[in-house]
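To start, the structure under review is shown below, and the notes come after it.
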């Protein structure tokens, strides 16, 4: 069985905006029904935050969420430095692999700017009418 079976999306939208809610299955625990009806589908100022919902579900189930994984990553810059970051620290290390001095980079940029644009050459207009 589908929720709101046989109803068009526009009808469902109107129903939900007017406060119509689906019936809970008979086996749904009372605490879950209360959580949903009192703290999720209320006015914005009365709603639980996601953190509050997680805490409540942990209390009801007795199962704790695992701690979040720390984000770690590294990035190799054009100058050959490695930037390593995690949630609490950012560090930079010099590296000789694939390094390129900033003078070379500036020279390359300067040289590419002075080359003529071969892909889109300047258009020439004739003065004849």
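The values are calculated or read from the model by the stated rules, or taken from the named source; none is laboratory data. What you see is a predicted model; the values in this text were computed from it and never measured. No Cβ is skipped: glycine too gets one built from the backbone with ideal geometry, and neighbour counts run over all protein chains shown.
List of remarks:
- Odd one out for residue 17 among (1) modelled with pLDDT under 90; (2) within 21 Å of residue 61 (Cβ to Cβ): (2)
- Output for segment 34-74, where each listed residue is part of a loop (DSSP other than H, G, I, E, B) and closer than 30 Å to residue 84 by Cβ: 65, 66, 67, 68, 69, 70, 71, 72
- For segment 1-21, the set of residues classified as in a loop (DSSP other than H, G, I, E, B) and surrounded by 10 or more Cβ atoms within 10 Å (Cβ to Cβ) consists of 4, 7, 20, 21, listed by residue number.
- Every residue from segment 1-20 that is within 25 Å of residue 38 (Cα to Cα) and in contact with a helix residue (DSSP H, G or I) (Cβ under 8 Å, 6 or more places away or on another chain): 4
- Scope segment 60-93; condition touching a helix residue (DSSP H, G or I) at 6+ places or on another chain (Cβ under 9 Å) and modelled with pLDDT of 85 or more; matching residues: 60, 63
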